[in-house]
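Notes for the one structure printed next.
The values are calculated or read from the model by the stated rules, or taken from the named source; none is laboratory data. Remember, predicted model here, so these are calculated numbers, not experimental data. Cβ placement follows ideal geometry from the backbone for every residue including glycine, while neighbour counts extend to all protein chains displayed.
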Amino acid sequence: MNMNKMMKQVQKMQGQMAKMQDELAKKTMEASAGGGMVTVTANGKQEIVDIKIDPDAVDPEDVEMLEDLILAASNEAMRKVQDMTQKEMGKLTGGMNIPGLF
C-alpha cells in the first residue's frame with residue numbers, strides 16, 4: 001500500500017472522528033431511578049447537564065435513599081452515553097475496536 005495514500009486515509013478518518021465527536025457532544029441521554037423519582041441527563045461529552053428530582057423523593061429522614069437514586073441514575077446515564085459513543089464510532093471504524101480511541 002502506498003504510504004501517501006495511507007496517510008490521506010488516516011487524515012480523512014481523523015476529520016470524520018472530530019466531526020462525529022462534535023455531533024456526539026450535542027446529543028444527550030437520559031436515565032431515571034426510583035420509578036422516575038430522579039432523572040439525570042448527560043451529554044456526549046460525558047457531562048451531567050440536568051438533574052430532575054421529584055419533590056416526593058426528598059425525605060429529610062432518608063437522605064441516603066435520595067443519594068442512592070441520584071447515583072444510580074447518573075451511572076445509568078453515563079453508561080448510555082458510553083454505549084451511544086461506541087455505537088456511533090463503530091460505524092466510522094467499521095466495527096474495529098481501536099484501543100484508546102473512545
Give me the pairs: first residue in segment 54-81 and farther than 30 Å from G44 by Cβ, second residue assigned to a loop (DSSP other than H, G, I, E, B) and at pLDDT 95 or above, beta-carbon distance under 7 Å, and six or more apart or on different chains, which are they? D56/M37
Residues of segment 48-60 satisfying the condition of being modelled with pLDDT under 95 and among the acidic types (D, E): D56, D59
Of everything in segment 78-100 that's in contact with a helix residue (DSSP H, G or I) (Cβ under 9 Å, 6 or more places away or on another chain) and surrounded by 13 or more Cβ atoms within 10 Å (Cβ to Cβ), which residue is modelled with the highest pLDDT? V81
Suppose we keep only residues that are of a type in the set (S, T, N, Q) and over 19 Å from A25 (Cβ atoms) within segment 39-77. Which one would you say is surrounded by the fewest Cβ atoms within 10 Å (Cβ to Cβ)? N75
So which residues in segment 40-50 are within 9 Å of A77 (Cα to Cα) and more than 10 Å from the chain's Cα centre (by Cα), if there are any at all? V40
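Here is a yes/no grid of residues against (1) of a type outside the set (V, I, T); (2) modelled with pLDDT of 95 or more:
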residue: M6; (1), (2): yes, no
residue: Q14; (1), (2): yes, no
residue: A25; (1), (2): yes, no
residue: S32; (1), (2): yes, yes
residue: V38; (1), (2): no, yes
residue: T41; (1), (2): no, yes
